[in-house]
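**Student:** Following this message is one structure expressed as structure tokens.
A short reminder: the numbers here are calculations on the coordinates, not readings from a lab. What you are looking at is a predicted structure, and each value in this text was computed from that prediction instead of being measured. Heads up, the Cβs are rebuilt from the backbone with ideal geometry, glycines too, and the neighbour counts pull from every protein chain shown.
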Amino acid sequence: MSIGVLEFHGAAGEVTGSCTLLRTDRARILVDFGMFQGTPADEARNAVAPQVDFALLDAIVITHAHIDHCGRLAMATELGFRGRIYCTTATHELLGRVLRSSARLQRARFYERANGSAPWSRALMPGEAPGGPPEFPTAHRLFDTPEVRDTMERIEGVPLDREVKIAPHVALTFRNAGHIPGAASAEFSIGVGAARKTVLFSGDLGPDRSALLATPHRPAGADVVIVESTNGERRRDASDPEETLAGIVARAAEKKEKVIVPCFALGRAQLLVHRFARLRTRELMRGLNVYVDSPMAVHGIEALYKHPEYLADEPREIVRAGGAPLWFPELHYVLSKRESMAIDRMVHGGIILAGSGFMDAGPVMRHLEESINREDCTVVLSGYQPEGGFAWKLQRGADRAQFNGKTVPVRARTVRVEGLSGHADQDDLMKWFAGFVQKPARVLINHGVDSARAALAGRLKTELGIECTLPARDVPIEI
């Protein structure tokens, strides 16, 4: 018996723009409404609404507050949506800030591109000729603060593991995904009585073991599973990231180096702060100051204190006992552009955590512009990086960089730290599936490039006997 139809309007063969429509004979539910990220051409795709009749939607479900899963949410009401939006309680508390920040950024980019002052940067490989500014597509203001306000009025925060009816014959339960504060898998119970079926969207899953965040919920089973595959072809390095960071800290203290760490405000920033806090308890920070140059990252830290259910056992117990596992005396929050510009002038050793993780915008690019030509600077890279982007080239030996037309030599040392990804790797995803008491009847793999999806599908078939479908964008699939 058919449960319904799935339509993938983003993240089918790529890692941004998550947007999936679930249709049953009684309901229409959109799972995530994220932005496309990457090149200017990718960003331009955000202005094209998905082929979804928003006026007919019963509900929108947001798995977590990363921009590639929620970034276009405030467009929904202008597209005709009049229903309710569901997310976890912790995600609800973060979403308003994420969407308001996005609105401000859109406004700034719109005027910068209109008057030709849009900032740009690129890394140059050996032998690659410098070029002029990229051809930015016309900037679109997808939404502004009034639309954010209207959107927030429609959101209902739901605690983990509590079932809530969201549409005719459809109930929703959020399960901890272990990815970032508030991140969840979305479990839908569809139908009535003995005919009920379960459709499970993994959302973005975290690693099986994390020093900071709880292990992702292990579902007993589901009839249909839609799983992410961001790291579907990667297997985590066995090295301990904390020891790698300890070496970076020791060198920075000895040589008075500036250390620049690009990171996502929600997820990696908290993981890094926790690692540095642990080094502090081991008396290995050598007096180095750590600057968190992101108000959103600070909100993410506060969210973990308020919602310790997302923490791993040890930090959860510390919080419940009144402690602060993400604090140490050398930690400083940078909450204004004036403060951010001040640490650019820092001469002696210190560590700057700044957005964005993809090194395509944000304060980290200004920090790099000021310091990438210094030999007493280290740039720390980790996690997935879009092919051809600034970070991708930097970790492959770029020897020059352009910032708004000025070309500077890359003298900074680049170090890659493995084990800091907030995404499950291939082994973690296999463990997640191995925990199913009953094998799912259908598995669809999305939110990953095609090579990652294919690698995960091959291993699931070989080791667990699970056949997988790799959905294509805008092609309906009956389930």
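**Student:** When N counts the residues of the chain, how does its alpha-carbon radius of gyration compare numerically with 2.2 N^0.38 Å, as a ratio?
**Tutor:** 0.96
**Student:** List the pairs from 255/393; 255/406; 197/306; 256/406 whose alpha-carbon separation is above 31 Å, in the order I gave them.
**Tutor:** Violating the 31 Å limit, Cα to Cα: 197/306.
**Student:** While we're on this one: Between the range 331-356 and the range 169-194, what's the alpha-carbon centroid distance in Å?
**Tutor:** Here the answer is 39 Å between Cα centres.
**Student:** Students often get this wrong: which residues of the range 252-277 have the backbone nitrogen under 16 Å from the point 7 angstrom along Cα-to-C-beta of residue 314?
**Tutor:** 271-277
**Student:** Around residue 400, which amide H atoms from residues at least 5 apart in sequence, or from another chain, sit under 5 Å from its own amide H, with H modelled in the peptide plane?
**Tutor:** Here 124, 410 satisfy the definition.
**Student:** Quick one: of the DSSP bridges fully inside the chain, what percent are antiparallel, nearest 5?
**Tutor:** Antiparallel: roughly 45 percent of the beta bridges in the chain.
**Student:** Remind me, what semi-axes does the range 372-479 give for its equivalent ellipsoid, largest first in whole Å, using sqrt of 5 times each Cα gyration tensor eigenvalue?
**Tutor:** Rounded to whole Å, the semi-axes are 40, 17, 9.
**Student:** While we're on this one: Using every pair of alpha-carbon atoms in the range 1-76, split the distances into 5 Å bins beginning at 0 and state the percent of pairs per bin, rounded to integers.
**Tutor:** Values per bin, smallest distances first: 4, 16, 28, 25, 15, 8, 3, 1, 0.
**Student:** In whole Hz and in residue order, list the ³J(HN,Hα) couplings for the range 238-244 that follow from phi through the Karplus curve 6.51 cos²θ - 1.76 cosθ + 1.60, θ = phi - 60°; x for Gly and Pro.
**Tutor:** Values, residue by residue: 6, 5, 8, x, 5, 6, 4 Hz.
**Student:** For the range 337-399, report the translational diffusion coefficient in µm²/s to the nearest whole number, using Stokes-Einstein at 25 °C, 0.890 mPa s, and a Kirkwood Rh over Cα pairs.
**Tutor:** My calculation gives 196 µm²/s for D.
**Student:** If you find the alpha carbon centre of the range 269-322 and of the range 16-94, how far apart are they in angstrom?
**Tutor:** Here the two parts' Cα centres lie 30 Å apart.
**Student:** Averaging over all projection directions, find the projected area of the Cα convex hull of the range 241-416 and quote it in nm² with one decimal place.
**Tutor:** So the mean shadow area of the Cα hull is 10.0 nm².
**Student:** Let me ask something else. Considering only DSSP states other than H, G, I, E and B, which chymotrypsin sites (Phe, Trp or Tyr not before Pro) in the range 315-413 qualify as loop sites with at most 14 other Cβ atoms within 10 Å?
**Tutor:** Counting only loop positions with at most 14 other Cβ atoms within 10 Å, the chymotrypsin sites (Phe, Trp or Tyr not before Pro) in the range 315-413 are 327.
**Student:** Once R0 is set to 60 Å, what does the formula 1/(1 + (r/R0)^6) return for the Cβ-Cβ distance between residue 289 and residue 164, expressed as a FRET efficiency to the nearest 0.05?
**Tutor:** 0.85
**Student:** Which percentage, to the nearest 5, of the DSSP beta bridges contained in the range 241-416 is antiparallel?
**Tutor:** Restricted to the range 241-416, the bridges split so that about 15 percent are antiparallel.
**Student:** Another question about this same structure. On full extension of the chain, what length is gained from residue 464 through residue 100, given 0.36 nm per residue of separation minus the C-alpha to C-alpha distance?
**Tutor:** Here the answer is 126.7 nm.
**Student:** Hey, rough spin-label estimate for residue 438 and residue 135, points 7 angstrom out along Cα→Cβ, what's it come to in nanometres?
**Tutor:** 5.5 nm
**Student:** Could you list the trypsin sites (Lys or Arg not before Pro) in the range 44-109 that lie in coil according to DSSP, counting only those with at most 14 other Cβ atoms within 10 Å of their Cβ?
**Tutor:** 82
**Student:** Please list 3J(HN,Hα) in residue order for the range 200-212, calculated via the Karplus relation 6.51 cos²θ - 1.76 cosθ + 1.60 where θ = phi - 60°; whole Hz, with x for glycine and proline.
**Tutor:** 10, 9, 5, x, 7, 8, x, x, 5, 10, 9, 5, 10
**Student:** Taking a point 7 angstrom from the Cα of residue 361 along the C-beta vector, which residues in the range 101-127 have backbone N less than 19 Å away?
**Tutor:** Under cut-off, by backbone N: 101-123.
**Student:** If you don't mind, there's one more thing I want to ask. Where does helix 268-281 land angle-wise versus the long Cα axis of the chain, in degrees 0 to 90, nearest 10?
**Tutor:** Tilt relative to the chain: about 60 degrees.
**Student:** To test your reading of the geometry: what angle, between 0 and 90 degrees and rounded to tens, separates the Cα axis of helix 89-114 from the longest principal axis of the chain?
**Tutor:** Approximately 60 degrees, to the nearest 10.
**Student:** Bin width 5 Å, origin at 0, all Cα-Cα pairs of the range 125-214: what percent of pairs per bin?
**Tutor:** Calculated over all Cα pairs of the range 125-214, the distribution is 3, 10, 12, 12, 12, 12, 11, 9, 8, 4, 3, 2, 1, 0 percent.
**Student:** Skipping prolines and chain starts, which residues have an amide H placed within reach, meaning under 5 Å, of the one on residue 226, given they are 5 or more residues away or on another chain?
**Tutor:** Hits under the 5 Å cutoff: 200, 201, 202, 444.
**Student:** Oh, and also: Would you pull out the residues with amide H under 5 Å of residue 88's amide H, same chain only if 5 or more places away, H placed 1.01 Å from N?
**Tutor:** 158
**Student:** Right, here's the next one. Given the -39500 (n - 2.57) contribution per DSSP H run of 4+ residues, what per-residue ellipticity at 222 nm results for the chain, rounded to the nearest 500 deg cm²/dmol?
**Tutor:** For the chain, the value works out to -8500 deg cm²/dmol.
**Student:** Residue-wise, which Karplus ³J(HN,Hα) couplings in Hz belong to the range 352-366, taking 6.51 cos²θ - 1.76 cosθ + 1.60, θ = phi - 60°, and x for glycine or proline?
**Tutor:** Per residue, the Karplus-derived 3J(HN,Hα) values read 10, 9, 8, x, 10, x, 8, 6, 10, 5, x, x, 4, 5, 5 Hz.
**Student:** Tally Lys and Arg at +1 and Asp and Glu at -1 over the other residues with C-beta under 13 Å from the C-beta of residue 40: what net charge comes out?
**Tutor:** -1
**Student:** What list of whole percents do you get for P(r) of the range 30-152, with Cα-Cα distances grouped in 5 Å bins up to the one holding the largest distance?
**Tutor:** 2, 10, 19, 21, 17, 11, 8, 6, 3, 2, 0
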